[in-house]
1. Just order 14-27, 125-138, 92-105 by mean Cβ neighbour count inside 10 Å, highest at the front, would you?
2. Kindly provide the helix-only [θ] at 222 nm of the chain, computed as the sum of -39,500 (n - 2.57) over DSSP H runs of four or more divided by all residues, to the nearest 500 deg cm²/dmol?
3. Work from the charge dipole of the range 2-154 (Cβ charges, +1 for Lys and Arg, -1 for Asp and Glu, about the Cα centre) and give the residue of Q22, G64, A39 farthest towards its positive end.
4. Show me, for the range 43-53, the HN-Hα J-couplings you get by feeding each phi into the Karplus relation (A = 6.51, B = -1.76, C = 1.60, θ = phi - 60°), rounded to Hz, glycine and proline as x.
5. Around Y78, which amide H atoms from residues at least 5 apart in sequence, or from another chain, sit under 5 Å from its own amide H, with H modelled in the peptide plane?
6. What dipole magnitude, in Debye to the nearest 20, does the range 2-154 give about its Cα centre under +1 on Lys/Arg Cβ and -1 on Asp/Glu Cβ?
7. Evaluate 2.2 N^0.38 Å with N set to the residue count of the chain, then give the Cα radius of gyration divided by it.
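Please treat every number below as a calculation from the coordinates, not as lab data. This one's a predicted model, so the numbers in the text were calculated from it and none came from an experiment. Counting neighbours? That spans all protein chains shown, and the Cβs are built from the backbone with ideal geometry, glycine included.
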Amino acid sequence: MIRPATVADAAAIGEIHVRSWQAAYAGLLPDDFLAGLSASSRAASWARRIGEGIGRVLVAEEDGVLAGFAAFGDGQLYALYLLPEYWGRGLGRALHDRVIEELTGDSAVLWVLSTNERAKAFYVRQGWVDDGVTQTETIDGGRVTLEETRYRRSLP
């Protein structure tokens, strides 16, 4: 089941966010940075965003477990993450497809870590195309640098 997120979902979203980063970015981002990620900190951020209506957030549930979420708005997919044990089961595709149905405009963009081959392959299978634009972002007080590639796709 895919539904709009509520503030009550924030703790689970924070846990999904941290666990998915730790699994997906292992070997791509510094180990100490990944180990130090805080689910409660992420939960507080998501509670604020959901409560204030900053963008839209959908959650995916399977067998009563909140297994994934996606954040989007203004022609952009900001985040799509699943608990690692739910990868490869079609839930990410279903969540993605729902986001595409709800995005407005002619096209949308997303940014993906340039070294994240698994995510890039997923997005290409969903019709996204690397449009040649890159950016560098720093996080964790400037200690971690993210090289990102922009993908674009037409909307139905």
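1. 14-27, 92-105, 125-138
2. Rounded to the nearest 500, it is -10500 deg cm²/dmol.
3. Value computed over the given set: G64.
4. My calculation for the range 43-53 gives 4, 4, 5, 5, 4, 4, 4, 5, x, 8, x Hz in order.
5. Amide H neighbours of Y78, under 5 Å, 5+ apart: A71, F72, G73.
6. Its charge dipole is roughly 140 debye.
7. 1.00
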